[in-house]
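The values are calculated or read from the model by the stated rules, or taken from the named source; none is laboratory data. The model shown is predicted, which means the values in this text are computed figures rather than measured ones. Here the Cβ is made from the backbone with ideal geometry for all residues, glycine too, and neighbour counts use every protein chain on show.
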DNA sequence: TCTCTTACTGAAAAAATTTTTCAGTAATAT
DNA sequence: ATATTACTGAAAAATTTTTTCAGTAAGAGA
Ligand SMILES: [Zn+2]
Ligand SMILES: [Zn+2]
Ligand SMILES: [Zn+2]
Ligand SMILES: [Zn+2]
C-alpha cells in the first residue's frame, strides 16, 4: 500500500504540502527541522507555507510516515520513517540517521524493569549515537 | 562528594539559582519545564530570573546533576539525576518519572547494530513509557 | 465530468520560548 | 579584607510555534 493510500485510508487527504515534505525528507541526508524542510520545500514548490510544514509533519507523524529524532541540542529533527516500530542510530559527526528494527531485543530489560518498578511498560524511545563508518575513517574525531 | 563540591571541582560556582533549581526538582513529582521551575523557584527565592533557570539547567545538566526528559509532545522536561548513566521510565498518566540503571542490558543489541551498520555506537538514549502501579489501579486509563 | 462538502491552505498576527546584551553583584581564592 | 571574574536579573532581540481567517482544492458522489 502506497503512502497516498495509507493517508486516504486514515481519512486524510493527499495534498501538496504533504507531498513536498515527504519528498524533501526522502532526499535529505540527515534529520531536518521544520524550518529546513520549509526552505528546501520552497525550492520544489515556492508557495509552500511554514505553517503547512508544521501541520504536515504532525499528520505524517501520526500516520507513521515520518519520525521525530531527539538529540542533545534540539529535538526538532524529522526523518522518513520505515513502516512499523524502529529505532534510530545517528552519527554525531555528519548527522546521518539510520533506522533499525529490534523492539524484541528490549523485552528482557523491559520485563526486569516492570518487575522492579511495578510499572507496566507500553512504549519506548531508543536512539543510539555514534560514528558512521565513513566518519570513523576520515581523520580524528 | 556533595553536589556543591562536584560543581566547584568542575570549576563552577555554587550560586542561588543553581541551589533553587535543584531544590525545586527535588520536590517535584514529575519532569518540569524551565517555565515551571521558574515559577516554583520564585516561591523559594522571588528574585530568581527565568534566564538564570535556563543557564542553571545547562550547567547542572553538564555536571550530571539534572537530566532532560524527552517526550512525544514537549522535550523540555527536567528531573533530578542520580549519579552515573541511567534510563528513565515515565508514567503516561500521572507523569511520574523514575530512573533505572542498565547500560549493560543493551550491549547485545548494540553489538548487533554495530556489526550490521558499520557504526561505532558511543552513547544512547532510552526512555520507557507506561503506567505506574497506582495509575494502573485507579480506573480505566 | 461536473458539483458539493469540508479538510486543507498560506499569510498575518499572536503567543510562547529561547538567546543575547549589559551593567551590576556576589562567589571563591589569596 | 581585597581582588578577580563567574555569575546575576531585566530588558531587548531573536526564534519558534500556534491561532485565526478568508479562500482553495481534494475527494466523494451524481
Ligand atoms: Zn557520519
Ligand atoms: Zn526530545
Ligand atoms: Zn502514574
Ligand atoms: Zn543506557
Which of the residues spanning segment A:29-46 are surrounded by fewer than 19 Cβ atoms within 10 Å (Cβ to Cβ), in a loop (DSSP other than H, G, I, E, B) and either touching a strand residue (DSSP E or B) at 6+ places or on another chain (Cβ under 7 Å) or in contact (Cβ under 8 Å) with a residue 24 or more places away in the chain (or both)? A:29, A:30, A:33, A:45
Of the conditions (1) within 16 Å of ligand 4 (Cβ to nearest atom); (2) under 28 Å from residue A:19 (Cβ atoms), residue A:128 satisfies every one except a single condition; which number is it? (2)
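Looking at B:79, B:90, can you tell me which residue is within 13 Å of residue A:113 (Cα to Cα), surrounded by 13 or more Cβ atoms within 10 Å (Cβ to Cβ) and within 16 Å of ligand 2 (Cβ to nearest atom)? So that I can check it myself, show each step before the final result.
Values: B:79 fails: within 13 Å of residue A:113 (Cα to Cα).
Sole residue among the options that is within 13 Å of residue A:113 (Cα to Cα), surrounded by 13 or more Cβ atoms within 10 Å (Cβ to Cβ) and within 16 Å of ligand 2 (Cβ to nearest atom): B:90.
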Within segment B:4-18, identify whether any single residue is surrounded by 15 or more Cβ atoms within 10 Å (Cβ to Cβ) and within 27 Å of residue B:128 (Cβ to Cβ), and answer yes or no. no
Going through (1) away from ligand 2 (no atom under 16 Å from the Cβ); (2) touching a residue at least 12 places away in the same chain (Cβ under 8 Å); (3) more than 14 Å from every other protein chain (Cβ to nearest Cβ) one by one, residue B:64 fails only at (3)
Per the filter on segment B:85-96, residues away from every other protein chain (no Cβ under 11 Å) and either assigned to a helix (DSSP H, G or I) or within 12 Å of the chain's Cα centre (by Cα) (or both) are B:85, B:86
When segment B:47-71 is checked residue by residue, the ones that are away from ligand 3 (no atom under 16 Å from the Cβ), over 19 Å from residue B:3 (Cβ atoms) and in contact with a strand residue (DSSP E or B) (Cβ under 9 Å, 6 or more places away or on another chain) are B:70
Among (1) in a helix (DSSP H, G or I); (2) crowded, with 18+ Cβ neighbours inside 10 Å, there is one condition residue B:23 misses while meeting the rest; what is its number? (2)
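A quick yes/no check of all residues on (1) within 16 Å of ligand 3 (Cβ to nearest atom); (2) closer than 17 Å to residue A:70 by Cβ:
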site	(1), (2)
B:82	no, no
B:88	yes, yes
B:106	no, yes
B:114	no, no
B:118	no, no
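Of all residues in segment B:47-74, which are assigned to a loop (DSSP other than H, G, I, E, B), within 11 Å of the chain's Cα centre (by Cα) and over 16 Å from residue B:13 (Cα atoms)? Let's see the steps before the verdict.
So the first thing to find is which residues in segment B:47-74 are assigned to a loop (DSSP other than H, G, I, E, B), and the list is B:47-49, B:63-65, B:70-74.
Right, trim to within 11 Å of the chain's Cα centre (by Cα) and you get B:64-65, B:70.
Listed by number, the list holds a single entry, B:70.
Which ones in segment A:122-141 are touching a helix residue (DSSP H, G or I) at 6+ places or on another chain (Cβ under 9 Å), at the interface with chain B (Cβ under 7 Å from one of its Cβ atoms) and outside any helix (DSSP H, G or I)? Outline the logic, then answer.
Residues of segment A:122-141 touching a helix residue (DSSP H, G or I) at 6+ places or on another chain (Cβ under 9 Å): A:124, A:126, A:128, A:130, A:132-133, A:141.
Restricting the remaining residues to those that are at the interface with chain B (Cβ under 7 Å from one of its Cβ atoms) gives A:124, A:126, A:128, A:130, A:132-133.
Answer for segment A:122-141, where residues must be touching a helix residue (DSSP H, G or I) at 6+ places or on another chain (Cβ under 9 Å), at the interface with chain B (Cβ under 7 Å from one of its Cβ atoms) and outside any helix (DSSP H, G or I): A:124, A:126, A:128, A:130, A:132.
Go over the candidates B:68, B:120, B:136, B:115 one by one and state the one that is surrounded by 14 or more Cβ atoms within 10 Å (Cβ to Cβ) and modelled with pLDDT under 95.
Details: B:68 fails: modelled with pLDDT under 95; B:120 fails: modelled with pLDDT under 95; B:115 fails: surrounded by 14 or more Cβ atoms within 10 Å (Cβ to Cβ).
Being surrounded by 14 or more Cβ atoms within 10 Å (Cβ to Cβ) and modelled with pLDDT under 95 holds for just one of B:68, B:120, B:136, B:115, which is B:136.
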Whichever residue in segment A:97-121 is assigned to a strand (DSSP E or B), within 20 Å of the chain's Cα centre (by Cα) and facing another protein chain (nearest Cβ under 7 Å) and, among such residues, is nearest to residue A:74 (Cα to Cα): A:98
Some residue of segment A:38-59 being more than 12 Å from DNA strand D (Cβ to nearest atom) and at pLDDT below 95: no
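Any chance segment B:82-91 includes a residue that's more than 16 Å from ligand 4 (Cβ to nearest atom), touching a strand residue (DSSP E or B) at 6+ places or on another chain (Cβ under 8 Å) and over 24 Å from residue A:77 (Cα atoms)? Explain how you work it out, then say what you get.
So in segment B:82-91, the residues more than 16 Å from ligand 4 (Cβ to nearest atom) come out as B:91.
Still in the list and also touching a strand residue (DSSP E or B) at 6+ places or on another chain (Cβ under 8 Å): B:91.
The next check asks that each one be over 24 Å from residue A:77 (Cα atoms); those that pass are B:91.
Yes: one or more hits.
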